[in-house]
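The values are calculated or read from the model by the stated rules, or taken from the named source; none is laboratory data. A quick note: this is a predicted structure, and the numbers were derived from the prediction, not measured. Methodologically, a virtual Cβ is constructed for each residue, glycine included, from the backbone with ideal geometry; neighbour enumeration extends over all protein chains shown. The accessibility values were calculated without ligands, DNA or RNA, using every heavy atom of the protein model including side chains. Shrake-Rupley method; radii C 1.70, N 1.55, O 1.52, S 1.80 Å.
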Amino acid sequence: MPEISFEYNAPVFAGAPEAGSEPVHRDTPSYERLDWEQTKAGVLKAEELGFDAVWAPDHLMLGRDRAEYECWTLLSAIAGFTEDVNVGSLVLCNDYRNPALVAKMAATLDVISDGRLELGLGAGWHDPEYDAYGWEYRDGFERLMRLDESIRLMKRMWAAGGDGATFDGDHYRIEDAPCAPAPVQDPHPPVLVGGQGEEVTLKLVAKHADVWNTDVFNGDVATLEHKIGVIEDHCETVGRDPSEIEYSWDGHVICTRDEDKLDALLDLMLPIQFEEEYTDQPDIETEEDAREYFVMGTPEECAAAIEERIEAGVTKFQGWFVDFPDHDGMELFADEVIPAFA
């Protein structure tokens with residue numbers, strides 16, 4: 001069996017609804033109000049339980065009352081109060097920050113965390129954030145071409161270090177830009193790319209990524225097998241060994257032996273609500289639907305769902321524990337699921 005990594009998605013916004021308000025947010029349906037001490041306690045508990053990494057999404061206003069922690073500031077703080085877990089962005093929106101600055105930020109965080117950064121990147125999708133914060137929302141193809149240039153620019157800066165890098169692209173330009181100190185990891189922190197589009201996004205993965213991440217609702221086994229096959233085909237086209245790419249599953253975890261708790265969580269979450277910007281998302285309305293996409297049920301059922309995804313090619317599992325701020329699900333998962341894959 002390949003080495004399997006179990007990782008924790010930090011709750012950076014509260015998703016539980018107030019009476020008569022917006023519907024529950026599927027990622028944090030039990031988290032009633034954003035509270036730093038609770039979020040921090042979850043991260044520390046994940047590290048204590050032996051999870052391999054802590055991830056944070058890069059959004060600015062998804063939570064109840066539109067409250068949400070900014071991703072890079074949060075990762076820097078987490079790197080400061082943890083010692084063993086990697087820290088990563090799932091995924092950093094390319095349009096929100098200049099890529100030359102991101103290269104410098106990533107190198108700095110890799111240094112101060114002693115090589116624990118995993119840099120997740122994506123083209124961006126949440127139109128309301130662009131409007132609210134004053135960014136230009138370009139069409140999907142242009143956003144992807146900008147991401148392609150950004151990754152190439154960052155890798156060039158990391159390789160150049162203090163010597164300085166020059167890049168003259170269609171969207172970005174730098175002139176003798178140094179990146180010193182260089183990242184601790186050689187040749188650079190792992191680059192994770194998230195996205196689904198088969199013609200452009202997954203070809204970009206084949207060209208540039210160390211890790212591909214499926215989003216939460218493309219994590220059923222059939223879709224994973226299909227998308228991984230597409231990436232492998234693109235690898236052949238671009239002349240890359242597909243074994244150089246790792247595959248990660250990002251999704252919801254309900255681990256419990258308490259059937260009443262399972263039913264209560266599903267009643268809270270279902271039917272899954274999607275933002276208007278999501279298109280062609282699956283209908284997830286029943287427990288049967290949820291079992292196709294979630295890792296859920298008893299520890300034995302969770303392990304079986306993970307095993308199916310390992311057989312499809314996944315080696316990294318990034319879980320949203322939907323009973324948070326309770327730690328019961330995470331603790332049971334660490335005690336009875338993770339050891340099965342040691």
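The residues of the stretch 109-141 that are open to solvent by 60 Å² or more (accessible area, probe 1.4 Å) and more than 12 Å from residue 93 (Cβ to Cβ), listed by number, are 112, 114, 131, 132, 134, 136, 139, 141.
Looking only at residues of the stretch 330-342 that are surrounded by fewer than 23 Cβ atoms within 10 Å (Cβ to Cβ) and not aliphatic (A, V, I, L, M), we find that the one that is farthest from residue 44 (Cα to Cα) is 341. For residue 33, the requirement of being free of Cβ contacts under 8 Å to residues at least 12 places away in the same chain and open to solvent by 20 Å² or more (accessible area, probe 1.4 Å) is not met. Within the stretch 258-272, the presence of a residue that is loosely packed, with under 15 Cβ neighbours inside 10 Å, more than 21 Å from residue 10 (Cβ to Cβ) and in contact (Cβ under 8 Å) with a residue 40 or more places away in the chain is excluded.
For residue 19, the criteria (1) of a type in the set (A, V, I, L, M, F, W, C); (2) out of contact with any helix residue (DSSP H, G or I) (no Cβ under 9 Å at 6 or more places or on another chain); (3) at pLDDT 95 or above hold in every case but one, which is (3).
Kindly indicate which of 165, 177 is hydrophobic (A, V, I, L, M, F, W, C) and free of Cβ contacts under 8 Å to residues at least 24 places away in the same chain. Testing whether each residue is hydrophobic (A, V, I, L, M, F, W, C) and free of Cβ contacts under 8 Å to residues at least 24 places away in the same chain leaves just 165. With respect to the conditions (1) out of contact with any Gly (no Cβ under 9 Å at 6 or more places or on another chain); (2) modelled with pLDDT of 95 or more; (3) in a loop (DSSP other than H, G, I, E, B), residue 11 lacks only one, and its number is (1).
When we screen 196, 185 for residues that are among the polar types (S, T, N, Q), without any contact (Cβ under 8 Å) to a residue 40 or more places away in the chain and in contact with a strand residue (DSSP E or B) (Cβ under 9 Å, 6 or more places away or on another chain), the only hit is 196.
The selection criterion, being assigned to a helix (DSSP H, G or I) and over 24 Å from residue 130 (Cβ atoms), holds for residue 77.
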